[in-house]
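Values in this text are rule-based calculations from the coordinates and carry no lab data. Quick caveat, the model's predicted, so the values are computed rather than measured. Because the Cβ atoms are built from the backbone with ideal geometry, glycine has one as well, and the counts that use them run over all protein chains shown.
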């Protein structure tokens, strides 16, 4: 049986998020980034431009509840690996879920809405995640919390758009030409962004650099 984590209230002052101001548009791009690669950078920069965002937060998660933790590099090691890809002052790197005590997106986004009620957040995820979105805990709640920008990925556009979650949310899909207004929309609202595609994947990079990542996991 899958363990269900309630959408409890998180108010601890120990949880430090990047600075943001009411009225700002902030994209949240979560993932294990194990390891990060140029494809992540392309997605972040395209989302920043296409959505008219003031910031993008690279939210490095302790681990994906739907994936094995075997081979997962340390959180501190992954933070350091992200730095070369999160370029510019509007790209922020954060791992606040560690202090929050959850790896579940629904709980994280609910916390952000309570902590920063005046900020216009957008959740950013890949088309591969849309394909399996209905397996996420409280996925409908996630769609009700924040607008969602789905970033195209090689081979995942059609599986994503034909997925159970995409079909269930189809009435709230915005045309890509309206992407710049997404942050101003009341959820549920989502769009799919066509971007320059990269064949890079964290899984493939993990396989090719396994000794290096193992060292990071031990020493970081």
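Odds and ends about this structure:
- Between residue 115 and residue 90, the FRET efficiency from the beta-carbon distance, with R0 = 22 Å, is close to 0.65.
- Contour minus Cα-Cα distance for residue 98 and residue 196 (0.36 nm per residue): 32.1 nm
- Applying Stokes-Einstein at 37 °C and 0.692 mPa s to the Kirkwood radius of region 67-166, computed over alpha-carbon pairs, gives a translational diffusion coefficient of 213 µm² s⁻¹.
- Neighbour counting of Cβ atoms within 10 Å sorts the residues 82, 150, fewest neighbours leading, into 82, 150.
- Cα gyration tensor shape for region 133-172, rounded if a/c is under 1.5, else prolate or oblate: prolate
- Length gained on full extension, residue 186 to residue 167, computed as 0.36 nm times the residue gap minus the Cα-Cα distance: 4.9 nm.
- Footprinting exposure proxy for 173, 14, 78 (fewest neighbouring C-beta atoms within 10 Å first): 14, 173, 78
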